1. Sort region 10-88 into rounded, prolate or oblate with this rule: let a ≥ b ≥ c be the square roots of the eigenvalues of the Cα gyration tensor; rounded if a/c is under 1.5, and if a/c is not under 1.5, prolate when a/b is larger than b/c, oblate otherwise.
2. Which lysines, if any, have their Cα less than 19 Å from the Cα of K175, not counting same-chain residues under 8 positions apart?
3. What is the packing order of peptides 283-293, 159-169, taking the mean over residues of other C-beta atoms within 10 Å and listing the highest first?
4. How high is the relative contact order of region 1-110, in percent, counting Cα pairs under 8 Å that sit 6 or more residues apart?
5. Reachable lysines from K26, Cα under 18 Å, same-chain residues fewer than 8 places away excluded?
6. In the neighborhood of S62, defined by Cβ-to-Cβ distances under 14 Å, what is the net charge if each Lys or Arg adds +1 and each Asp or Glu adds -1?
7. Could you give the angle, 0 to 90 degrees to the nearest 10, between helix 280-299's Cα long axis and the longest principal axis of the Cα atoms of the chain?
8. Name the trypsin sites (Lys or Arg not before Pro) in region 27-58 that are in a loop by DSSP and that have at most 14 other C-beta atoms within 10 Å, would you?
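Quick note: the coordinates plus some simple rules give every number you see, no bench work behind them. Everything numeric here is computed off the predicted structure, so don't read it as measured data. All Cβ positions, glycine included, derive from the backbone under ideal geometry; neighbour counts span all protein chains shown.
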Amino acid sequence: MNHFLDIHQTAPTDLRQIIDSAAAMKAARNGRPRGAPDEEQPLKDQMVALIFEKPSTRTRVSFDVGVRQMGGQTMVLSGADMQLGHGETIADTARVLSRYVDMIMIRTFEEQTLLEMAEYASVPVINGLTNRTHPCQIMADIQTFEEHRGPIKGRKVVWSGDGNNVFASFAHAAKQFDFELVFTGPQTLDPEQALDGLYSIERDPQKAVEGADLVVTDTWVSMHDPQSARERRHNQLRGYQVNDALMALAKPDALFMHCLPAHRDDEATSSVMDGPHSVIFDEAENRLHAQKAVMRWCLGA
Ligand code: CP
Ligand code: NVA
């Protein structure tokens, strides 16, 4: 049994196996109707709990569809509707859920909640996003890059914007998959210092994107950020918008990614999101395939 908590805590050989398995499972579906089961049914008779303490579209739907395609069943739970949201401890919740289900995916606020869930659950726990990290997203992003451009090893990835949870998982991935990662953003929104990842900082976005194989951004205000910080963040980040002029400084065949949901014409212009460099909807699709592979790995199935 394996938990999938963070990319830097997962061995590079396991990460590679997950990406390869995701690509193989995607190819094997080859035009099957969305609701049709996979030929292989590795999650047959398995029950998976999907807990959301924050909103979600992609994570919720891709996990739910993925489990069903692999022959399992899901229950989607809102944190607020559980006793978890009314004072029951995470440890007790983990112990109880482990008596009913075979695997738990949780999207939560504090990293500590995820870690406690994993400590006390006797079934695999998957990180569906915390304030600090979003590893499932980056597994889909690696799959997407390699699908379009081949091995990510040695390539240059530039993150423009907020040094947030999605960036942190990119920094973990840079270490494990051996690519170069450059952060460009204001010093006030630098990634947290304790981050056990690999990246360099270039304050000037134009210099940063020179020679980039991939340019990535994300919302300027994450779900855990106070709305009162919105205006200040926008003012600090405006110069880091990914627009046509910035993309033109990257490699001619550079890709553009955004985990979505996006605030169009804030962190990235619609012309970039819908333009020739963009692979944002392939990324969204690959959440499904990458997470199916993560779940198989967790269960050893
Ligand atoms: N990218 C992502 O995790 O999207 P959701 O918040 O819609 O799940
Ligand atoms: N950084 C964003 C990612 C959403 C998928 C957030 O945490 O809100």
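1. prolate
2. K153, K156
3. Result, highest mean first: 159-169, 283-293.
4. Numbers: 108 pairs, mean separation 32.7, N = 110.
The normalised contact order for region 1-110 reaches 30 percent.
5. Cα-Cα hits under 18 Å: K292.
6. Net charge in that neighbourhood comes out at +4.
7. Between helix and principal axis, roughly 40 degrees.
8. Working: sites: R29, R34, K44, R58; in loops: R34, K44.
Of the trypsin sites (Lys or Arg not before Pro), the ones in loops of region 27-58 whose Cβ has at most 14 other Cβ atoms within 10 Å are R34, K44.
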